[in-house]
């Protein structure tokens, strides 16, 4: 293990111990380190209110913090296991109530975001999220956890309650499907210039 990795583990351990003892600075640090990835994950998987859901996730995380044992990688799995279960609950509840149609921000000036927010949201992330969203549910879960949440295959397996081999197979199928979509949407090359012949 590298010296930097060792220091990172020690830093995480000291933050965790302080958070478990109730130090607000340590809880804030855990929130700021993990909440953006959780919000991105639940957003990519279709949460209507990713910020609210992220807050719910961390209420559970902080409630269960005293019983957690492990390193930074185990903590990441712990956090995303909770996020995944909360997301599934939201999607089930929404399915039972039926879908509602919301106005898009550009259609409702009261909800319009800033130009910077719109520019950031419309760049590559939106295309990637749309591509992940087009996958079958099991592949979508694996890819969102691997790419957006940045979990290892083993961590994804733990979150989803699957074997690592099953996660790898789902990831392979998802990547093949995404590759085919990219090939289908790629524009044909421009014809060669006559002077190049």
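The values are calculated or read from the model by the stated rules, or taken from the named source; none is laboratory data. Everything numeric in this text was worked out from a predicted model, so none of it was measured. Here the Cβ is made from the backbone with ideal geometry for all residues, glycine too, and neighbour counts use every protein chain on show.
Looking at 17, 60, which one is in the same structural domain as residue 85 (by TED's automatic domain parsing) and surrounded by 14 or more Cβ atoms within 10 Å (Cβ to Cβ)? From the options 17, 60, the qualifying one is 60.
Rundown of residues vs (1) part of a helix (DSSP H, G or I); (2) farther than 22 Å from residue 47 by Cα; (3) in the same structural domain as residue 38 (by TED's automatic domain parsing); (4) modelled with pLDDT under 80, yes/no style:
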residue: 102; (1), (2), (3), (4): no, no, no, yes
residue: 130; (1), (2), (3), (4): yes, no, no, yes
residue: 150; (1), (2), (3), (4): no, no, no, no
residue: 154; (1), (2), (3), (4): yes, yes, no, no
residue: 162; (1), (2), (3), (4): no, yes, no, no
residue: 167; (1), (2), (3), (4): yes, yes, no, no
residue: 177; (1), (2), (3), (4): yes, yes, no, no
residue: 180; (1), (2), (3), (4): yes, yes, no, no
residue: 192; (1), (2), (3), (4): no, yes, no, yes
